[in-house]
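Remarks on the structure that follows.
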Amino acid sequence: MFSNTVPTMVPNLDNLAVELIVDILRGADLQTITSIGLTSSRLYHIVKTDRKLWTDARDILDLPLQTGETLATTPTSSILPLALRAVSVQKHLRDPDAKPHFRLLHMGDYETPAWKLLPGGQWMLFKRNHCIWILNIRAESTNVTSPPIFVAPKVIGRCVVQAMGNREMCLIVNLLGVSRTSRLEIPQVAVLRLRFPLLQSVDDGDSRPQVTRVNFYTLPFHPNSISLRWPLVLFGRRSVLIGPRHELNAVILNCEAETGAGLAALPPEDEVEALGARCDWMSIHVHPTLEKLVIRCQIFHVGGSSGLRILILLADIPTIRHSLPDDSNLVSLTQSPQSLHFTHKHPKVRGTSRMPFPLPSRYVPIMEYMTDSGYQMYSLCLDTHTERRDDEELIAFVVMTETWGTTSFFTNFCATEISPHQRNLERTSDNRISMQFVNSAHTEVSKLRIPIPPEVRQHPPNSDWGEVLETDMNQGQIILAVQNHRTGHAHPGPRRVYSHYLVQY
């Protein structure tokens, strides 16, 4: 006899409707999506062509984007290969004993060369005195043999860069003066537009990046902080004032609309009520998603060490409506500045709640900070779902502790903006340095134990021998400055010489 029963199809992802597959994978991580996409030709086609599947991935911010591109300008067909690269990098970064590749970039005086990783993992910026070069990481040598892409009229200081999409970047260059020690000259900055080649060929001379536009601006002060969130550029001045006024001074530009505004603010009144209180405005930057300004300041009493408070303030971005002067002199913008309105205030204190990983979507990361001792890091977040208001919306999570198994040791924390967290390196007894960091998507925390380059292993175990200068964990790249003590005939006694290494995971 034959049964009339119709065979039942066992449901699986491969025979579900596309809409159901996308719904099931909503909020999955890159590793899950790429693994499923490699199980069948149909799922591969869905993963390759459905953009929403990727934009909803919980760790999409860890995607190692190509040079000059943003997520919005990255073609959907290119996301799967980038996600596979992200999974490979994450695998190495999760392994504390992974062995990275070391590449010597430069050896010499510490302050003469300066390296900066550019978004995309294929190019590095090298600056010296008045010149800037952009070098291909894939080239066999990083020696400067080509002409610089930019020669400034003054010594080049800090550089800030952001990818704009369609192989373009914006580069902000702070111009210090004719010499590095000159602070009396008129402060200036240059805003450069860079275009990168489609094919990064190492040997093709025509494949080098090009400067397509340069604008010079005269500032009313020497900026200590520069924030770039295209099209907005923000310059802040660090000021320490004693007396009835403790004003913050800043200038913000909209480079697309060619408008600008001067900004001013007084510290919260309840923080400076005591006679002789002093306010030190430390930094100001634009938050990329909250559309707010984030300001760090410290308030303390003159003549005493007690009462020091470090505050993190949030303020609304004011309307930027003043047309830029024809001579690009921005001094006039500060003559009638707009007053900032603080919406949130957070004292830099020790938190008690451990940071949940992955970070729930209700929390928006604002910034990371460390304790004065440098042994613990906190992540300040805005709770968007709480019924509390104003200052109570802010919460500081403890990121991690200083332990590795049962052994405590000196650890170096790295954040996206590494300059506030730059730390001297100390090594463990097995000739490694330890680093702990939070990924860009705030879905996990990783620990690395980086082997020490052989030439510095003769240093005393507890000596400070270098520091982390740059990190791009999406690309698995770190730049280390390693200190070498040398004695020569021209320089009697020990001389500090630094080797710069590119560490690639």
> Between residue 348 and residues 5 or more places away or on another chain, which pairs have amide H atoms under 5 Å apart, with H built 1.01 Å from N, and which residues are they?
Replying inline: 310, 311, 312
> When ranked by the protection proxy of mean other Cβ atoms within 10 Å per residue, highest first, what sequence do the peptides 434-441, 209-216 form?
Replying inline: 434-441, 209-216
>> Given contacts defined as C-alpha pairs under 8 Å and at least six residues apart, what's the relative contact order of the range 13-94, whole-number percent?
In response: 32 percent
> Near residue 154, which lysines are there with a Cα under 20 Å away, not counting those fewer than 8 places off in the same chain?
Replying inline: 116, 127
> How large is ³J(HN,Hα) for each residue in the range 32-42, as worked out from phi by the Karplus curve 6.51 cos²θ - 1.76 cosθ + 1.60 (θ = phi - 60°), to whole Hz, x for Gly and Pro?
Replying inline: 5, 5, 5, 5, 5, x, 9, 8, 7, 5, 5
> Which cross-chain or sequence-distant (5 or more) residues have an amide H under 5 Å from the amide H of residue 377, H modelled 1.01 Å from N in plane?
Replying inline: 399, 400
> Where does each of 142-148, 256-262 land if you order them by average Cβ count within 10 Å, highest first?
Replying inline: 256-262, 142-148
> Taking the range 66-163, which GluC sites (Glu not before Pro) meet the DSSP loop condition and have no more than 12 other C-beta atoms within 10 Å?
Replying inline: 111, 140
> According to a simple spin-label model (label point 7 Å from Cα along Cα-to-Cβ), what is the distance in nm between residue 77 and residue 128?
Replying inline: 4.3 nm
> Can you run phi through the Karplus equation (6.51, -1.76, 1.60; θ = phi - 60°) for the range 155-162 and list ³J(HN,Hα) in whole Hz, with x for Gly and Pro?
Replying inline: 5, 8, x, 5, 10, 10, 9, 8
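Values in this text are rule-based calculations from the coordinates and carry no lab data. A quick note: this is a predicted structure, and the numbers were derived from the prediction, not measured. Positions of Cβ are generated from backbone atoms using ideal geometry, with glycine treated the same way; all protein chains shown enter the neighbour counts.
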